[in-house]
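What follows is calculated from the coordinates using simple rules that are stated; it is not laboratory data. This one's a predicted model, so the numbers in the text were calculated from it and none came from an experiment. Here the Cβ positions follow ideal geometry from the backbone for every residue, glycine too, while neighbour counts run over all protein chains shown.
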Amino acid sequence: MTMMMMMPYCGRRTRRTSSLPCLVALILSCALLVAWNGSNSNGIQNDSSSSPLQRQLRQQQQQPSAFRRRLSENEEKNISSSQETTTTILAQHLQQFQPSDEARVIGPSVFPKPTQKIRALLRQNHDNHDDDDDVEIVVALKPVLGQHRPDHDAVVLFAAEYSIHVYAQFIESLRATGYDGDIVLSVHPNDLKKDDIDQYLSYYANGRGVVVYAPQQVCYTRQGEETESANGGGRTCHLHQVYGKKRQTSNNNTGDDDDDIEPLPDARGPRTLQNIRYEIYWAMVAPYHGSSWILLVDARDTIFQTNPFANVPRRTDPTGRSGLLYLFGESIEATNIGKSAQYNYRWIRQAYGVEVADALADKPIICSGATMGETVAIETYLRAMVAEADETGTVLMGSDQGFHNRLYYSQKLANADSIHDIVVFDQGAGIVNNLAALRSKPLEEWGNGKLVEKTANGGGFVVKNWDGTISPVVHQFDRHKDLAGILAASKADKTTNDGRANMGNLQQRNDEEMVSIFCRMNQSFAMLNEISWTGDGSEAVSWVSNQHPVALRRHSKLGDASHQNSTAFWKKLHDY
């Protein structure tokens, strides 16, 4: 029995008469690897006579063999030896994820669209033009690169003021899993002014599933002076022209003509990019079908090991009116909201007061840096996050995680009709493995001591869940210095090999595409501490040098060296 689903808690409204959608979701969400058998047996009986927690424990112990991954003999032995321990941990942890009675919100929750708030703010500012019935507030933000594919899944991220290797680390590791859905990014406009980033993202946006937005950003120093930089998220900002006015006329009643949209300045007050990003997320997921799956995840500190959507449940509500939402916890063993006094407790206290913060002090931390679900559920979640920021007026850096936890533990989020179930996974038990809380002691002292293991050929490392299965998404990998070093080297090697293979095919590509691939090579080597390539790279080096000197000169830092020696060439590329 594979203990893949060691620690999910299914948040469920009492007015539901059936637990089947949630239980099916809990089982199906455990198929994390490309090497799964692919069987979709859902022989789970709906036992309404017991509590959700009891049903989860029974389901954990009776998981059908059809969901077993093809394991090697050693893996099989390790899984079997950990069953008793993981089941015990499951029983201990599940109760802690239950919503708080003291912080509970009674009644259905309805979260306004962010555009409705903009209309209200304009009216408050006496913009009489918006009192006209034929004026609508709409999303004015459009992609600058790429096109959405609404029937695909999407990984959505907010990335600003990062180097090329952050973008490449994210995209290359995700594509290496076999994931072929959309990757939707919001980037700082200045990032696209850098040749390497612009060419790299343009390469992937050209029919390869990457969609790029670049909202106009104005931030403020402590002295109130305008600046383009958010300074690592420490400054408050405005994002202009995200929304716009659209007047409906008899000559234009289709709503398809973007030329009739008048972009608006940001009507909300200055706020952190951590909070602003949920408005951008909301705009970026709008094109997707309600049954598509969306993963919202941080850009800088995320690496992919397997396809995160490999076996998620599909169309969990056949009517399409509601969807399933997945949340991911941080290590209960390491911390909780109360122990994180300077961060999580303070974020909740600042937004909701000491009574709510105290009521949640003993609860596990649920990370806001990674959330996934069906689009219909994600859209509601994003409305809720924007509404919490609007209602509380909190601009504290990191406060979005306070909103995130309060929405879950108060059941305010679960009370929304468009979310039929919420599944919370403990750290090391779900699709996303959050590692930030594990930095206080050596990796081998956590859990079963096998968080990071060498691959079978000894050429790299993988991060695993506590049951011995590979973590599809590794989040916050850079928090632990040992893990950061291991993974950076491992994933850089993989990305380097991909880039090297592309380089060998350059002769078959045109100059424009060659430049884009050349940029991919740049980021690959920049991630490595040492480069010592020789031999079979020399042909590609010679070809690039002789046939495309103009392309090389576009990368001025490489200079005009002859690059006849491949080792010198790769070292030069690495230095760049």
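Counting C-alpha atoms alone, how compact is segment 287-417: give Rg to one decimal and Dmax as a whole number, in angstrom.
In order Rg, Dmax, the Cα atoms of segment 287-417 give 15.4, 44 Å.
Local charge sum around residue 327 (other residues, Cβ-Cβ under 12 Å, Lys/Arg +1, Asp/Glu -1)?
Net local charge, residue 327 excluded: -3.
Please compute the length gained on full extension between residue 484 and residue 134, using 0.36 nm multiplied by the number of residues separating them and subtracting their Cα-Cα distance.
120.6 nm
Once fully extended, how much extra length lies between residue 396 and residue 195, figured as 0.36 nm per residue of separation less the alpha-carbon to alpha-carbon distance?
Answer, rounded to one decimal: 69.0 nm.
For segment 186-227, evaluate the Debye formula with one uniform point scatterer on each Cα (no solvent term) and list log10 I(q)/I(0) at q = 0.13, 0.23 Å⁻¹, rounded to two decimals.
For the requested q values the scattering log ratios are -0.38, -0.77.
Let a ≥ b ≥ c be the square roots of the eigenvalues of the Cα gyration tensor of segment 136-247; is it rounded (a/c under 1.5), or, if not, prolate (a/b larger than b/c) or oblate?
Oblate, because a/c is 1.5 or more while a/b does not exceed b/c.
Can you check what the net charge comes to around residue 138, using other residues whose Cβ is under 9 Å from the Cβ of residue 138 (Lys, Arg +1; Asp, Glu -1)?
+1
What is the distance in Å between the Cα centres of segment 413-477 and segment 334-371?
21 Å
Counting only C-alpha contacts under 8 Å and six or more residues apart, can you give the relative contact order of segment 164-255 as a whole percent?
Relative contact order for segment 164-255 comes out at 21 percent.
Answer rounded, prolate or oblate for segment 262-304, using the Cα gyration tensor with square roots of eigenvalues a ≥ b ≥ c: rounded when a/c is under 1.5, else prolate when a/b is larger than b/c, else oblate.
Oblate, because a/c is 1.5 or more while a/b does not exceed b/c.
Set the bar at 27 Å for Cα to Cα. Now go through 117/194; 363/412; 193/245 and name every pair that lies beyond it.
Distance filter (> 27 Å) returns 117/194; 193/245.
Test of understanding: what is the full-extension gain from residue 439 to residue 228, defined as 0.36 nm times their sequence separation minus their Cα-Cα distance?
So the chain would gain 72.7 nm between residue 439 and residue 228.
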